[in-house]
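This report refers to the structure that appears directly beneath it.
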Amino acid sequence: MQNQVKRLRYFNIFLDSIEQKDDDLITAFGHHVHWGYWKSTSLANNSVDDFRKAAEELSCQMSTAAGVADNQSVLDVGCGFGGTIASINERFKQMNLVGVNIDDRQIARARQQVKAAETNQVEFVEADACKLPFADASFDVVLAVECIFHFPSRELFFKEARRVLRPGGRLTICDFIPVDMLMPGLGILDFFMGDFLTQTYGQSNLRYNYSLSDYEKLAQKTGFLLSQQRDITVNTLPSYEITRQLMRKATPPGIGAEIDNLVNQAMEWVSRQGLLRYMIFSFQIA
Ligand SMILES: C[S@@+](CC[C@H](N)C(=O)[O-])C[C@H]1O[C@@H](n2cnc3c(N)ncnc32)[C@H](O)[C@@H]1O
């Protein structure tokens, strides 16, 4: 189980494909490992290059929501291959940028790919989001891009984020938020398929999904105020088709690949029905 948490199965698939020099996979997931953001989805063309640009745009939307600006210290928790740190490194000056991830293989790739721009400092640290190895009040911004559902506890992560943020600092996350009426269905799915889904997606076990009211309560409990929320579901929808194609190509055929495909289709369907929302949330220190 410990290994499933640190070394998520879908990252094993990505790392194998990267090693085998699968160009499409490297373009799509070699930097960012998250959904894309399309300002106008009618312009999405289902190509790998289009998805790469949309994934970069999601990182830009996140740093804008977080108020990232020159001269800041930014911590990106669950940083994957360092794509969001790279994006901020390219666009801002006098930055102290730190990426944290629990998987040493991802940290190694991030270190190899992302070199500090002239006026910036960049560091990647192997650690758990719920046990951050940093002093109190050491960052202006904490980000968690499409990863909080994997963490052992949202509450412990929020407490850690609150601890390492300076006064006036901001925590910005993005997450899949089911509407309340979807919760019983998720519980049933979890009961029957929870073990399989945990193998593939680690802690994204569906029972950990959080509703909007859960986030509001969590913010209050951990010393934050929810200062901004954006529903960007519509802007992310073209991600499903292209990721299905890429995963189908990268995953060895078998029951696992079929279930991955079904999960992706089900997520697209509930998202299109408005039952699962892709949200960006920003929290300020209360
Ligand atoms: C969907 S990926 C997102 C990666 C990155 N944020 C991005 O947007 O490219 C989820 C990430 O969360 C990381 N992760 C999972 N559990 C973690 C934990 N307890 N502490 C730190 N990172 C974790 C995974 O290793 C993976 O890199």
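Miscellaneous remarks
- Relative contact order of segment 20-132: 22 percent, from C-alpha pairs under 8 Å at least 6 residues apart in sequence.
- Helices meeting the span-like rule in the chain (full DSSP H runs, Cα extent of at least 20 Å along the helix axis, mean Kyte-Doolittle score of -1.0 or higher): 48-65, 183-201, 255-272.
- Mean Cα-pair separation over length for the chain, i.e. relative contact order, pairs under 8 Å, 6 or more apart, %: 21 percent
- Potential lengthening of the chain between Ile259 and Met183 amounts to 25.3 nm, from the contour at 0.36 nm per residue minus the alpha-carbon distance.
- Debye-formula intensities of the chain, expressed as log10 I(q)/I(0) at q = 0.09, 0.10 Å⁻¹, are -0.39, -0.49 (one equal scatterer per alpha-carbon, no solvent).
- Potential extension, Arg244-Thr41 segment - 0.36 nm per residue separation minus Cα distance: 71.3 nm
- Debye, to nearest 20: dipole size of segment 118-272, +1 on Lys, Arg Cβ, -1 on Asp, Glu Cβ: 240 debye
- Top positive-direction residue, dipole computed over the chain with Cβ charges, set Phe51, Thr251, Phe191: Phe191
- If both residues of a DSSP beta bridge must be in the chain, then about 45% of such bridges are antiparallel.
- Charge dipole magnitude, Cβ of K and R +1, D and E -1 - the chain, Cα centre, debye nearest 20: 420 debye
- Carbon plus sulfur fraction of accessible area for segment 112-216, probe 1.4 Å, in percent: 55 percent
- Label positions at Gln113 and Thr27, each projected 7 Å from the Cα along the C-beta direction, are separated by 1.5 nm.
- Given R0 = 35 Å, the distance between the Cβ atoms of Ser138 and Phe192 translates into a calculated FRET efficiency of 0.20.
The values are calculated or read from the model by the stated rules, or taken from the named source; none is laboratory data. Because the structure is predicted, anything quoted here is derived from the model rather than measured. Neighbour counts are summed over all protein chains in view; Cβ atoms, including those assigned to glycine, are modelled from backbone coordinates with ideal geometry. SASA here: full protein model, heavy atoms, side chains in, ligands and nucleic acids out. Shrake-Rupley method; radii C 1.70, N 1.55, O 1.52, S 1.80 Å.
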